[in-house]
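Reading through the structure tokens given below for one structure.
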Amino acid sequence: MLPAILSAVAFVGLTVVPAAAAPAPGRVTVIGVGEGDVLNLRAEPRAEAPKVGELPRDAAGIEATRCVSVMRGRIVPADEAPGASRWCRVSLGDQEGWANARFLAPESEAATEEAGKEAKAAPLYSAGPTAEPGGRQRSFLVSATQIGAGRFRAETRHIVRREGRPDSLEEATAIVDCRQRPQSRERDAANLWWAVCRGEMQRFGG
């Protein structure tokens, strides 16, 4: 069997944030709010305070001007109250008030988290150890676009876990020729070939 024509032409590395860190003042976005719900804004940094506004569940570009730790209804130093809730003073357009920081994330972290969710929503075509000891990788086929007779451009995402480090999200583009099967020992290439080409096999005598 001839090796598949499989060449990576783009590769980008990002850090996947498992859970958003408590935000600091700056640009933030809303996360973790359920479908059909909103993020309430309060007059003071506590859940019992009067509601003064609300933000959509997908609101972004929010300005956080101050973030505080709150315990039993009063603001406390963060290092003295590890179990305190975190609240931020935010504004977006004519909406302004205090929001629970568990529903806020710095814009860069929120974008990375969303990319990780999109990767996991795509079909999984390969999973197994990496060349690095202790590493594991899951590979997802995001899209496959035909560019010629039996040839496809495959967009893939790979979530890589390395011991002692955060997961990383890596993106790649590969050219797959469905007329040429890869060697079975080339596990990732073979799995991608099957994921892309299973509908083309009969046309090319597979």
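Could you tell me whether Ala49 is under 13 Å from Leu104 (Cβ atoms) and either aromatic (Phe, Trp, Tyr) or surrounded by fewer than 17 Cβ atoms within 10 Å (Cβ to Cβ) (or both)?
In short, no.
Residue by residue through segment 152-172, note down the ones that are within 16 Å of Leu192 (Cα to Cα) and free of Cβ contacts under 8 Å to residues at least 60 places away in the same chain.
The answer is Phe152, Arg153, Ala154, Glu155, Thr156, Arg157, His158.
I need a count of the residues in segment 172-192 that are under 16 Å from His158 (Cβ atoms) and outside any helix (DSSP H, G or I).
So the answer is 5.
With the requirement that a residue be at pLDDT 70 or above and either under 30 Å from Ser85 (Cα atoms) or among the hydrophobic types (A, V, I, L, M, F, W, C) (or both), what does segment 104-141 give you?
Leu104, Ala105, Pro106, Glu107, Leu124, Ala127, Ala131, Phe140, Leu141
Against the condition surrounded by 15 or more Cβ atoms within 10 Å (Cβ to Cβ), at pLDDT 75 or above and assigned to a helix (DSSP H, G or I), how does Val160 come out, does it pass?
So Val160 does not fit the description; no.
Restricting to strands (runs of 3 or more DSSP E) lying wholly in segment 26-110: which have 3 or more residues that are at negative phi and of a type in the set (Ser, Thr, Tyr)?
none
Are any residues in segment 32-75 of a type in the set (A, V, I, L, M) and more than 14 Å from Val90 (Cα to Cα), and if so, which ones?
If the condition is that a residue be of a type in the set (A, V, I, L, M) and more than 14 Å from Val90 (Cα to Cα), then Val33, Val38, Ala47, Ala49, Val70, Met71, Ile75 are the ones that fit.
The values are calculated or read from the model by the stated rules, or taken from the named source; none is laboratory data. Just so you know, these numbers come straight off a predicted model, no measurement behind them. Glycine also receives a Cβ, built like all others from the backbone with ideal geometry; neighbour counts cover every protein chain displayed.
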